[in-house]
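Enquirer: Got a structure here, written out as structure tokens. Questions coming.
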Amino acid sequence: MNTPKVIHWFRQDLRLSDNPALFEAAKNSSILPIYILDDINSKELAMGEASRFWLHHSLNSLNKSLDQNLSIYSGDPITVILDIIDRLDIKEIFWNRCYEPWRINRDTHIKKELESKGIKVNTLNGSLLWEPWTIKKGDGTPYKVFTPYFRKGCLLSDEPRKPISTPINLDLFNDNNSLKDINALSLLPSTKWDIKMKSFWNIGELGANNRLTEFLNNGVENYKEGRNIPSKPFVSRLSPHLHFGEISPNQAWHAAQKKGDDNNIDHFCSELGWREFSYTQLYFNPELPKKNLQPKFDLFPWDKDEKKLIAWQKGQTGIPMVDAGMRELWLTGAMHNRVRMVVGSFLVKNLLLHWHHGERWFWDCLVDADLASNSASWQWIAGCGADAAPYFRIFNPVTQGQKFDSDGEYIRKYIPEISELPNKYLFNPWEAPQEELDRAGVVIGKDYPNPIIDLKLSRQNALEAFKTLKKVDD
């Protein structure tokens, strides 16, 4: 009897271990593993440049794990899949679910179309600890505040699924009509800005598991407090690996739980919970990337200063803690979480520029650009989202630097032109006496920009702008 042939469609699950759809597909079947780059249905939500860079290397890693049997395509998935099925006489397909609204709509259409042609479609959860629709309040509505969502909803629900082992002796075949190789997807940039970026990461399933092990062995013991210090290694740096599915949240959750029960482990698991909360927000609010969850912000008097936006993007605002973060983003494709809050607050409150500008820039520059987390986080910092930081909570980038980069290591790493300044003026070089500037060899306005705004005045302007919303409410 011939072994039945099935498709496993890799999407945001670029791994072999703890891959529910692959595990099920491997039962008594010969598998055609495929990846389809879909820039058609995604439209304006097509992956940004940094994400495409990561995807290129992640697909190469996955293909190696599959003994070069990954078949690659580009186009509308329904067209690609129907063509494969017709040519190779396949009657069954497996995939792990995705949760972005455009993917849900696309996959619903694909499933309906395939089932109408007698194709069996199997979809599983390989990306989340809890399905968004399973965690609700007692009245059946979704949570809008994180703490009760996580403590009363998630933790009192079923325990996250235990990780599944890698299928043994996968029976794989490939499609001779697929693209020649991953390079044919043209994911890498034409200008080689990504060369240095790659040195900061170990991309792929093996790299993801090594990163988790390294964090749990050497970083998690100081996670709760240490994660606020951008120069220290007390963060997991797992977010891009989780986004592309090189490791599952279930693997991270249960590996952490095995380390024991303490405040650091609890805090790390709650951060995994924030990721889940972001997906819940997106699932129940499909317009999250564009629409304020709090409608009163629709009338907020945003500024439209293109020069200030460009200065922010390039890390040339003259505010060291902000510029260090933006330069870290450009160089590495990531930014420390504490600094993300600082640069975000600066954009939407000190500069009064719409959070959409930040969301779009991060979408293009982050290797962990995740639609749910990116949108929810920008709405959080802007004060217009679910369980958001109050708009009047305005981070002072000078005091944030003094508190969380007290030795100046982070700022000196990314802004070497002011590295000779003493710590007293490193976070506010415009206030340094001339003799200190001369001693450090710094000319403000030449070697490093003058601040593009006055922090105190811009804070007052932000609070005045927020008061206009209160008047609307009244």
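Enquirer: Surrounded by 21 or more Cβ atoms within 10 Å (Cβ to Cβ), farther than 16 Å from Gly126 by Cβ and at pLDDT 95 or above: does that describe Leu82?
Expert: Numbers: surrounded by 21 or more Cβ atoms within 10 Å (Cβ to Cβ): no; farther than 16 Å from Gly126 by Cβ: yes; at pLDDT 95 or above: yes.
So Leu82 does not fit the description; no.
Enquirer: Then there is this: Checking Asn41 against (1) farther than 22 Å from Pro101 by Cα; (2) assigned to a loop (DSSP other than H, G, I, E, B), only one condition comes out false. Which one?
Expert: (1)
Enquirer: Hey, among the residues in segment 284-300 that are assigned to a helix (DSSP H, G or I) and touching a residue at least 12 places away in the same chain (Cβ under 8 Å), which one's surrounded by the most Cβ atoms within 10 Å (Cβ to Cβ)?
Expert: Phe297
Enquirer: Checking Asn122 against (1) surrounded by fewer than 18 Cβ atoms within 10 Å (Cβ to Cβ); (2) touching a residue at least 60 places away in the same chain (Cβ under 8 Å); (3) not assigned by TED's automatic domain parsing to the domain that holds Glu49: exactly one of these is not met. Which one?
Expert: (3)
Enquirer: Now for a separate question. Do any helices (runs of 4 or more DSSP H) entirely within segment 378-474 hold 3 or more residues that are of a type in the set (Lys, Arg), and if so, which?
Expert: By residue number, 455-473.
Enquirer: Determine if segment 96-118 includes at least one residue that is without any contact (Cβ under 8 Å) to a residue 24 or more places away in the chain, in contact with a strand residue (DSSP E or B) (Cβ under 9 Å, 6 or more places away or on another chain), outside any loop (DSSP other than H, G, I, E, B) and surrounded by 13 or more Cβ atoms within 10 Å (Cβ to Cβ).
Expert: Yes, segment 96-118 contains a residue that is without any contact (Cβ under 8 Å) to a residue 24 or more places away in the chain, in contact with a strand residue (DSSP E or B) (Cβ under 9 Å, 6 or more places away or on another chain), outside any loop (DSSP other than H, G, I, E, B) and surrounded by 13 or more Cβ atoms within 10 Å (Cβ to Cβ).
Enquirer: Could you check, for segment 169-183, whether at least one of its residues is surrounded by 19 or more Cβ atoms within 10 Å (Cβ to Cβ), more than 23 Å from Lys64 (Cβ to Cβ) and not aromatic (Phe, Trp, Tyr)?
Expert: No, there is no match, as no residue in segment 169-183 is surrounded by 19 or more Cβ atoms within 10 Å (Cβ to Cβ), more than 23 Å from Lys64 (Cβ to Cβ) and not aromatic (Phe, Trp, Tyr).
Enquirer: Can you give me the number of residues within segment 301-349 that are more than 22 Å from the chain's Cα centre (by Cα), part of a helix (DSSP H, G or I) and crowded, with 18+ Cβ neighbours inside 10 Å?
Expert: Here the count works out to 4.
Enquirer: Can Trp361 be described as part of a helix (DSSP H, G or I) and out of contact with any helix residue (DSSP H, G or I) (no Cβ under 6 Å at 6 or more places or on another chain)?
Expert: When the stated conditions are applied, Trp361 does not pass them.
Enquirer: Do you know which residues across segment 439-450 are surrounded by fewer than 13 Cβ atoms within 10 Å (Cβ to Cβ) and closer than 11 Å to Ile418 by Cα?
Expert: Selection gives Gly441, Val443.
Every residue, every condition in (1) without any contact (Cβ under 8 Å) to a residue 40 or more places away in the chain; (2) more than 26 Å from Glu464 (Cβ to Cβ); (3) polar (S, T, N, Q), yes or no:
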{"residue": "Phe392", "(1), (2), (3)": "no, no, no"}
{"residue": "Asn396", "(1), (2), (3)": "no, no, yes"}
{"residue": "Gln400", "(1), (2), (3)": "no, no, yes"}
{"residue": "Tyr414", "(1), (2), (3)": "no, yes, no"}
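Enquirer: State yes or no: is Tyr35 farther than 28 Å from Ser190 by Cα and of a type in the set (Ser, Thr, Tyr)?
Expert: No: the conditions fail for Tyr35.
Enquirer: Just to be sure I understand, how many residues within segment 201-227 are under 22 Å from Leu366 (Cα atoms), assigned to a loop (DSSP other than H, G, I, E, B) and either modelled with pLDDT under 95 or not aliphatic (A, V, I, L, M) (or both)?
Expert: Matching residues across segment 201-227 total 4.
Enquirer: Further question on the same structure: Give me a count of the residues in segment 434-458 that are under 24 Å from Leu351 (Cα atoms) and touching a Lys or Arg at 6+ places or on another chain (Cβ under 9 Å).
Expert: Summing the residues that are under 24 Å from Leu351 (Cα atoms) and touching a Lys or Arg at 6+ places or on another chain (Cβ under 9 Å) in segment 434-458 gives 3.
Per-residue answers, yes or no, for (1) part of a loop (DSSP other than H, G, I, E, B); (2) outside the structural domain of Glu271 (by TED's automatic domain parsing); (3) in contact with a helix residue (DSSP H, G or I) (Cβ under 7 Å, 6 or more places away or on another chain):
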{"position": "Thr141", "(1), (2), (3)": "yes, no, no"}
{"position": "Lys152", "(1), (2), (3)": "no, no, no"}
{"position": "Ser157", "(1), (2), (3)": "yes, no, yes"}
{"position": "Ile168", "(1), (2), (3)": "yes, yes, no"}
{"position": "Asp175", "(1), (2), (3)": "yes, yes, yes"}
{"position": "Ser178", "(1), (2), (3)": "yes, yes, no"}
{"position": "Ala184", "(1), (2), (3)": "no, yes, no"}
{"position": "Ile195", "(1), (2), (3)": "no, yes, no"}
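Enquirer: Let me ask something else. Does Ile411 fit the bill of being β-branched (Val, Ile, Thr), under 25 Å from the mean Cα position of the chain (by Cα), farther than 18 Å from Gly315 by Cα and assigned by TED's automatic domain parsing to the domain that holds Pro301?
Expert: Values: β-branched (Val, Ile, Thr): yes; under 25 Å from the mean Cα position of the chain (by Cα): yes; farther than 18 Å from Gly315 by Cα: no; assigned by TED's automatic domain parsing to the domain that holds Pro301: yes.
Against the criterion (β-branched (Val, Ile, Thr), under 25 Å from the mean Cα position of the chain (by Cα), farther than 18 Å from Gly315 by Cα and assigned by TED's automatic domain parsing to the domain that holds Pro301), Ile411 does not qualify.
Enquirer: Still on this structure, please answer the following. If you check Leu129 against the conditions, is it among the aliphatic types (A, V, I, L, M) and outside any helix (DSSP H, G or I)? Before you say what the answer is, go through the steps one by one.
Expert: Values: among the aliphatic types (A, V, I, L, M): yes; outside any helix (DSSP H, G or I): yes.
The answer is yes for Leu129.
Enquirer: For residues in segment 11-55 being among the aromatic types (Phe, Trp, Tyr) and touching a helix residue (DSSP H, G or I) at 6+ places or on another chain (Cβ under 7 Å), which is surrounded by the most Cβ atoms within 10 Å (Cβ to Cβ)? Write out each step before concluding.
Expert: In the first step, residues of segment 11-55 are kept if they are among the aromatic types (Phe, Trp, Tyr); the result is 23, 35, 53-54.
Now narrow it down to the ones that are touching a helix residue (DSSP H, G or I) at 6+ places or on another chain (Cβ under 7 Å): 35, 53-54.
Working: Tyr35: 24, Phe53: 22, Trp54: 28.
The residue in question is Trp54.
Enquirer: Follow-up question, since we're still on this one. Going through segment 9-65 one residue at a time, which ones are within 17 Å of Gly207 (Cα to Cα) and of a type in the set (Phe, Trp, Tyr)? Give the steps one after another, and end with the answer.
Expert: Let us first name the residues in segment 9-65 that are within 17 Å of Gly207 (Cα to Cα), namely 12-19, 51, 53-65.
The answer is Phe53, Trp54.
Enquirer: Can you find a residue that is assigned to a helix (DSSP H, G or I), among the basic types (Lys, Arg) and either touching a Gly at 6+ places or on another chain (Cβ under 6 Å) or within 28 Å of Glu49 (Cβ to Cβ) (or both) anywhere in segment 261-283?
Expert: Yes, because at least one residue in segment 261-283 is assigned to a helix (DSSP H, G or I), among the basic types (Lys, Arg) and either touching a Gly at 6+ places or on another chain (Cβ under 6 Å) or within 28 Å of Glu49 (Cβ to Cβ) (or both).
Enquirer: Among the residues that make up segment 238-251, is at least one of them part of a helix (DSSP H, G or I), in contact (Cβ under 8 Å) with a residue 24 or more places away in the chain, over 28 Å from Tyr414 (Cα atoms) and among the polar types (S, T, N, Q)? Break it down stepwise before answering.
Expert: In the first step, residues of segment 238-251 are kept if they are part of a helix (DSSP H, G or I); the result is 239-243, 249-251.
Adding the requirement that they be in contact (Cβ under 8 Å) with a residue 24 or more places away in the chain leaves 239-243, 249-251.
Restricting the remaining residues to those that are over 28 Å from Tyr414 (Cα atoms) gives 249-251.
The next check asks that each one be among the polar types (S, T, N, Q); those that pass are 250-251.
Yes, there is a match, as at least one residue in segment 238-251 is part of a helix (DSSP H, G or I), in contact (Cβ under 8 Å) with a residue 24 or more places away in the chain, over 28 Å from Tyr414 (Cα atoms) and among the polar types (S, T, N, Q).
Enquirer: Report, ordered by the first and then the second residue, all pairs with beta carbons closer than 6 Å, sequence separation of six or more or different chains, a first member in segment 212-228 that is farther than 11 Å from Ala256 by Cβ, and a second member that is among the β-branched types (Val, Ile, Thr).
Expert: From segment 212-228, the pairs are Arg227/Val235.
Enquirer: Another one. Can you confirm whether segment 86-94 contains a residue that is buried (at least 22 other Cβ atoms within 10 Å of the Cβ) and in a strand (DSSP E or B)?
Expert: Yes: segment 86-94 contains one or more residues that are buried (at least 22 other Cβ atoms within 10 Å of the Cβ) and in a strand (DSSP E or B).
The values are calculated or read from the model by the stated rules, or taken from the named source; none is laboratory data. Just so it is clear, the model here is predicted, and its values are computed rather than measured. Ideal geometry is used to build each Cβ from the backbone, glycine not excepted, and the neighbour counts take in all protein chains shown.
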